[in-house]
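Working notes for the structure below.
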Amino acid sequence: MQLSVDELREKVEEYRVKGLNTQQIADELSLSQTTIHWLSTSEFVVEDKPSDIRVGWRSIAVKAERIQATSYIFSDIINEMIGDEVETIVGISINGIAFAQAIGEQLDLELAVSRSISEDGEGHISEVYASVEGKKVVIIDDVLSSGTTMKKSRSRCKILSCSS
């Protein structure tokens, strides 16, 4: 969730009232201490703002080696939470596919693709890739906002008797 400068200033003040110091506020808001100082001053000029680095999914997804590096983390989490019971990884079209492919490679899993648009409204598991029927799967997407796409993919998996 992106906040405006005014909203950030309010958050900084809210954290100060709670007794947090500059470092703690910087950690909570994922900003630098310099930016917290700037937001805390009463006479700040927007043009003089410090430049923090923001890493979004696009920053990761534009380079294959970044997707690959991220996949190591996700693979470790999947191993920790589920173990080796997973048989197939499902990438939700379109942005989840690259991440699913990289994670699937790390875990030596079959790859399936879920398309969120279908005539029946339930999503569609492509027949070009691995089958999910009767298998334990992990579903990967790049973001989870309203959950609609994930719900459609899980619904389709349930219809195909797989567990996700």
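A Cβ distance below 7 Å, combined with a sequence gap of six or more or placement on separate chains, defines the contacts here; from the range 149-164, residues that are in contact (Cβ under 8 Å) with a residue 40 or more places away in the chain reach residues that are assigned to a loop (DSSP other than H, G, I, E, B) and among the aliphatic types (A, V, I, L, M) in the pairs 150/144; 157/132; 162/132.
Figure legend. Inter-residue proximity from the range 12-24: first residues free of Cβ contacts under 8 Å to residues at least 40 places away in the same chain, second residues assigned to a helix (DSSP H, G or I) and small (Gly, Ala, Ser), beta-carbon distance below 6 Å, spacing 6+ or different chains. Indicated pairs: 12/40.
Consider the range 59-101 and keep the residues that are among the polar types (S, T, N, Q) and modelled with pLDDT of 90 or more. The one that is surrounded by the most Cβ atoms within 10 Å (Cβ to Cβ) is 88.
The values are calculated or read from the model by the stated rules, or taken from the named source; none is laboratory data. Because the structure is a prediction, the values reported are computed rather than measured. Note: ideal-geometry Cβ built from the backbone for every residue, glycine included; neighbour counts use all protein chains shown.
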